1. Output the antiparallel fraction of DSSP beta bridges having both residues in the chain, as a percent to the nearest 5.
2. At a Cα cut-off below 13 Å, give the aspartates and glutamates reachable from K415, other chains included and same-chain residues fewer than 8 away excluded.
3. What net charge do the residues around F249 carry, taking every other residue with its C-beta under 10 Å from that of F249, with Lys and Arg at +1 and Asp and Glu at -1?
4. Nearest 10 degrees is fine. How inclined is helix 89-111 to the longest principal axis of the chain, computing both from alpha carbons?
5. So what is the calculated 222 nm ellipticity per residue for the chain, using -39500 (n - 2.57) for each DSSP H run with n of 4 or more, over all residues, to the nearest 500 deg cm²/dmol?
6. Between E216 and T334, what length comes free when the chain is fully extended (0.36 nm per residue of separation minus the Cα-Cα distance, one decimal in nm)?
7. Past 18 Å, Cα to Cα: identify those pairs from K55/K210; K55/K227; K5/K210; K24/K73, in the order given.
8. Determine, for each peptide in 12-22, 58-68, 289-299, the mean count of other beta carbons within 10 angstrom over its residues, then list the peptides with the highest first.
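The values are calculated or read from the model by the stated rules, or taken from the named source; none is laboratory data. Remember, predicted model here, so these are calculated numbers, not experimental data. All Cβ positions, glycine included, derive from the backbone under ideal geometry; neighbour counts span all protein chains shown. For the accessible areas, the whole protein counts, side chains as well, though only heavy atoms, and no ligand, DNA or RNA atoms are used. Shrake-Rupley method; radii C 1.70, N 1.55, O 1.52, S 1.80 Å.
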Amino acid sequence: MEEPKRTLSREELHELVWSTPMQKLAEAYGLSDRGLAKTCGRHLVPVPPRGYWAKLEAGQPVKKTRLRSVQNKALHIVHIGVAQRRLSDGAARAIAAAKAEKTKQVERRLNAPKAAAPILEEPGENPHKSIASLVKQLRKAKPDGDGVINAPGIVVHHQSRERCVTIMHNLARVCEGKGARLSVEGDTLRLTCELGSAVISLNEERRRIKHEPTPEEQAEYQRLKTKRDKERARNIWAFIGRIEPWPEFDIIYTGKLTLACEGWTQGIRKSWSDGKSQTVEGSLAHFVDGVGLIFAAKAEDARIAAEKDRRRNALRHRRELAEKRSKREEQRLTYLQSVAGIRREVADLRATIDAVPKADHLPPEYRRMIEWAEGRVRELEARTTVEQIQSNLISGALYPFPDDLHDPEGDPPPKTNYWDD
């Protein structure tokens, strides 16, 4: 099958998945059949049900599921096998910085004498000290029923055992040369450098293929089938379900290894695999640099987040100051209006006292009214002396110097929504 188009319409993808077996189509795109099925699911493209191709090969009638139309235009175009990375701000900046540094390194290499390519070192019985315990576990690991062996961070077929030892040994050497280190922590394998630490893994690709029965299995199947047919002829239904004495599928390990950094990596490449033009062994330096780039991106994201928090907190503080200044303005006005009210009352009382008739012998109630009014004036004047007003201004912090509510940047911008701090 020739290299298929990587970008196509939903209609084209629908035609493809109903005209070519999913596993074969996925292989052409360099994906797993599960990965291709997920792509179809995201774009609401129906795929053939289980048994569809077997029925088709047997000449039995099959029904093709119609493609429904969708209103979401984002689903109309399908990108298969094309990485759609969503980089964080920190990741984008870290990548830009790494590219700039790589350009400088390339220029330095061009101007420097040509160095010999790094040589892959066979560890023999003396693996790098940082992964010596890992190598010991890997070499002692017993294969399970599928021939798989496990060690911290490693899941491969036993035939890839020594290759994994070589990869781990040379990865440890590369890490050491770049100021990083490998370490085994419990059942995990960790790569640590100045900027951070991450769990890494080395896994071997596996595929599920249809089992091809051996002559012995075919003979056993015929024996069981004959026995089942005889019992059914006597109305005995002891055999229920599948009687083939072999598994429907075999799991095979392809020898294709993938070295990966686990967890969320801000959209940055996190795995290096065997391919047509590269091997894991030849990608060790790139892998360590890639993990370092992930750490740098995380650090940059943390710095950006901290800066946003700082600005958000600063703006929140400025708005709190503005709110306090507004309240203080109300308090200033209220106090000044109270002083003005008192002075007006003093003036009114004085005018009244001066205006009412006076005589040497006043009636008792009249005299007591005048005395009360004069006492009220004295009380109000005492409340509005310079000293008393100054004391009230200090206790109410109405005109402090220096002003603890001063904002050198002026009034902050108003909130535009609930989340705007």
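1. Once the DSSP bridges in the chain are tallied, antiparallel ones form about 95 percent.
2. The reachable aspartates and glutamates, counting only those whose Cα sits under 13 Å from K415, are E320, E323.
3. +1
4. That works out to roughly 60 degrees.
5. Helix contribution divided over all residues of the chain: -16500 deg cm²/dmol.
6. Extra length from E216 to T334 when fully extended: 32.1 nm.
7. Correct reply: K55/K227; K5/K210; K24/K73.
8. Peptide ranking by packing, descending: 289-299, 12-22, 58-68.
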